[in-house]
Amino acid sequence: MSILVQCPICRKKQAITNKLCSCGEDLVKAKKAQRIKYWISYRLSGGKQKREYVGHSLEEAKDADGKRRAQKREGRIFDVRADHKLTFSELTKWFLKQSKVKALKSSWRYKYALDRFNEKFGDRKIGSIKPGDLEDYQTERKIQGIADATVDQELGAARTAIKKAFENDLLSGEPLKVFQKVKKLLKPKANKRDRIIEPDEFRALVAALPLHLKPIIATAYYTGMRKSEILNLTWDKVRLNERLIKLDATDTKDKEAREIPLTPELVEILKSLPRGIHTAHVFLFRGKPINDIRTGLQKACQSVSIAYGREYQEGFVFHDLRHTFNTLMRRAGIPESVIMAITGHSTREMFDRYNTVNREDKQKAVDIAANLFTSVDQNVDQKKNTNVKDKNRKR
């Protein structure tokens, strides 16, 4: 049995007496700065090598090493995996405190999903959770009327927390295997939305909207920008003279800067907006930035007989305006690479999810190709006639 130290740079576990890691890191200075993680190494009764993470304290490592030595002398079979000591609620608290997680704009989604998951598994030891338990959870949530996508989000958040703990040596790989074995309820691309707002619907909807929401919906329709990008838009990003919105990397979901051209109609709409005195936000209601548009949008949809909400077939939600922009641009013959640059789709797969091809599109394609088909048929007929004449002449 022995105590090991883990290099904070390359994460190599090595003898406690080492002063310099093979990667060049000074382990003595790292220990003084409390950047070293301590492990104990021992063999189980079957001869299998086992390493157990202890923490950042050498004294704790010595205590844990002494305890395992005593257990081994007594011939006791012990299971000391963190998986069997840590509850899922304890893991959740650790996960949500991680700086990288807290910095995410979607951190609230993780918390919401994990809170739901903890209602079932919060008091359970992580090592006791089996694939069957997770499959039962899926079934129970579906019986409660929860959408497949939501159940997948809850399990996905739990899986992410488990993976994060594994990467930080807080858990073994066994719990991660358990969560990875459970398949998602929603099949790939099953949640792809096909709803777009046609021009007539858009004009009717805008006419029914309250004044403060009209420019927001118009911006989404004419640019394909995400809701968060629109509601957080500030005047320093808007270049009306250049007919351009220039987003920094910190403003976008994919953390990439993007330039968005503006139509003449949208330029006039933005020019007519009043500027705030105490805020640089573009879209305001009673002098304050707008955070929620759902109520006003829902009422406007109802007044023009547009079904609102994902629970309805052909139901409309704000994000469908992004689908609409992609589809209308594609119909206009704009190259896909240009559309992707405007909307910020980094992959073809994601672009395809936002590009809807309906029956009318297919019919137009066939009509356009009709002339080609006709010319081909005529050529084939002419060749047939020529062949027949040639045969007759030979006779």
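The values are calculated or read from the model by the stated rules, or taken from the named source; none is laboratory data. Fair warning: this is a prediction, and the values are worked out from it, not measured in the lab. Backbone-built Cβ (ideal geometry, glycine too); neighbour counts: all protein chains shown. Surface accessibility is based on the protein's heavy atoms, side chains included, excluding ligands, DNA and RNA. Shrake-Rupley method; radii C 1.70, N 1.55, O 1.52, S 1.80 Å.
The set of residues in the stretch 223-240 being of a type in the set (Ser, Thr, Tyr) and either open to solvent by 10 Å² or more (accessible area, probe 1.4 Å) or more than 21 Å from residue 272 (Cβ to Cβ) (or both) consists of 228, 234. Kindly indicate whether any position in the stretch 142-156 is of a type in the set (D, E, K, R), without any contact (Cβ under 8 Å) to a residue 40 or more places away in the chain and open to solvent by 50 Å² or more (accessible area, probe 1.4 Å). Among the residues of the stretch 142-156, not one is of a type in the set (D, E, K, R), without any contact (Cβ under 8 Å) to a residue 40 or more places away in the chain and open to solvent by 50 Å² or more (accessible area, probe 1.4 Å), which makes the answer no.
One line per residue, one yes/no per condition, for (1) surrounded by 13 or more Cβ atoms within 10 Å (Cβ to Cβ); (2) free of Cβ contacts under 8 Å to residues at least 60 places away in the same chain:
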position	(1), (2)
267	yes, yes
272	no, yes
276	yes, yes
283	yes, no
287	no, yes
307	yes, yes
314	no, no
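Going by the structure shown, is residue 153 in a helix (DSSP H, G or I), within 24 Å of the chain's Cα centre (by Cα) and farther than 30 Å from residue 290 by Cα? Against the criterion (in a helix (DSSP H, G or I), within 24 Å of the chain's Cα centre (by Cα) and farther than 30 Å from residue 290 by Cα), residue 153 does not qualify. Might you let me know whether the stretch 164-183 holds any residue that is surrounded by 14 or more Cβ atoms within 10 Å (Cβ to Cβ) and more than 30 Å from residue 37 (Cα to Cα)? Yes, the stretch 164-183 contains at least one residue that is surrounded by 14 or more Cβ atoms within 10 Å (Cβ to Cβ) and more than 30 Å from residue 37 (Cα to Cα). The residues listed here are 59, 25; of these, the one that is within 38 Å of the chain's Cα centre (by Cα) and farther than 23 Å from residue 166 by Cα is 25. Checking the stretch 99-114 against the condition returns a match, with at least one residue being open to solvent by 40 Å² or more (accessible area, probe 1.4 Å), of a type in the set (S, T, N, Q), under 30 Å from residue 11 (Cα atoms) and not in a helix (DSSP H, G or I). Within the stretch 208-231, the residues that satisfy the criterion of being without any contact (Cβ under 8 Å) to a residue 60 or more places away in the chain and under 19 Å from residue 308 (Cα atoms) are 214, 218. Within the stretch 351-361, the presence of a residue that is modelled with pLDDT of 55 or more, open to solvent by less than 60 Å² (accessible area, probe 1.4 Å) and under 30 Å from residue 251 (Cα atoms) is excluded.
The one condition from (1) more than 21 Å from residue 301 (Cβ to Cβ); (2) open to solvent by less than 60 Å² (accessible area, probe 1.4 Å) that residue 201 does not meet is (1). Restricting to the stretch 232-251, what's the tally of residues that are farther than 17 Å from residue 267 by Cα and touching a residue at least 40 places away in the same chain (Cβ under 8 Å)? Number satisfying all stated conditions: 1. Would it be correct to say that residue 160 is closer than 29 Å to residue 285 by Cα and in contact (Cβ under 8 Å) with a residue 24 or more places away in the chain? No: the conditions fail for residue 160.
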